[in-house]
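Below: one structure, written as structure tokens.
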Amino acid sequence: MTIAVDFDGTIVEHRYPEIGKELPFATATLRRLIEDGHKLILWSVREGQLLDDAVEWCRKRGVVFYAVNKDYDEDTPEKNASYSRKLKVSMFIDDRNVGGLPDWGTIYRIINERVSYAEILLDEPAPRQSRKKGWWPF
């Protein structure tokens, strides 16, 4: 599977343009996905030196991406061809998803078990919610 992964807010906390603290288990999960044979693409708003810093930060932690901000490796013939900016990937891992970013254990489970986030949420017991007082009836 080819998977696009955001950097800020997904692998590390939001501290742009600085590099934030790693989110728990982010690089360990990414290394495991690579070991499992998945192609990971870093898909980030970062450019220039800020992007280079993010790539190097990941490399130092054992996460080497198949490609960065494109869906092909530098050694492929596609690099000189015109291409769409839209990535051809199976999945995006991004904190800006509808519903937010699940924890990295859940992300691995979604990919490894090929289940939806909804299926995982249905398996977990619902947290007890206290009823709030207010004008909204729900």
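The values are calculated or read from the model by the stated rules, or taken from the named source; none is laboratory data. Since the structure is predicted, the reported quantities are computational estimates derived from the model, not experimental observations. Note that each Cβ is placed from the backbone with ideal geometry, even for glycine, and that neighbours are counted across all protein chains shown. Side chains included, ligands, DNA and RNA excluded: accessible areas come from the protein's heavy atoms. Shrake-Rupley method; radii C 1.70, N 1.55, O 1.52, S 1.80 Å.
Here is how the numbers come out for the structure above:
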| read-out | value |
| --- | --- |
| Where labels lie 7 Å past Cα in the beta-carbon direction, separation of Thr106 and Leu51 in nm | 3.1 nm |
| Rounded percent of accessible protein surface that carbon and sulfur make up, the range 1-72, 1.4 Å probe | 50 percent |
| Residue-count net charge about Asp123 - beta-carbon cut-off 15 Å; Lys, Arg +1, Asp, Glu -1 | -2 |
| Under 10 Å, Cβ to Cβ, from Glu22 - net charge with Lys/Arg +1 and Asp/Glu -1 | +1 |
| Accessible area per residue, Å², the range 1-59 with all protein chains present, probe 1.4 Å | 51 Å² |
